[in-house]
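Throughout, read-outs are computed from the coordinates displayed, never taken from laboratory work. Note that the coordinates shown come from a computational prediction; the quantities given were computed from them, not determined experimentally. Cβ coordinates were reconstructed from backbone atoms using ideal geometry, including for glycine residues, and neighbour counts include every protein chain displayed.
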Amino acid sequence: MMKRTPLVLAAAALLAASAALAATVTVLVQETTLRKRPQFFAPSAGTARLGQTFESEDAVEGWYKVSRGYLHHSAVTTKSVHLGSEEGVGGGASVDEITLAGKGFNAQVEKSYGAKNSGANFSAVDALERRSVGESALLSFLRAGGLLPTGAAQ
């Protein structure tokens, strides 16, 4: 029995150390792609949506490894987050406001920019934001242009 005690203690210490390295990451954008590898052009492993949480180790080169793939640090936070309803996230901010804030925008920045550029027509920007390109079309484009990083899926 005495010979097992150090082994049990070592296993418990190892388990506690690995738990201490774990972090909960929360998605802060409306939608982000989980990747099969820690690369922007890696194949998709699924989608994560605003407010979803994942257990992960610390970020390595900007990517969190989670159970379903990899998430880029720009789309998540390890800070404690309170997400409310779709209309009110984090105490009164809308989902769109949270998404813009993650990109460095807020209502004041947008208003200031609009005042300085009163003749600006944002309809082209709005149209561009509504566009979507499928993953297979994107990979074809990258292949044709020789833009796939070394080791990426062909």
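Stretching the chain fully between Phe41 and Thr77 yields a gain of 10.8 nm (0.36 nm per residue, less the alpha carbon separation). Taking label points 7 Å from Cα along the Cα-to-Cβ direction, Thr24 and Ala137 give a separation of 3.9 nm.
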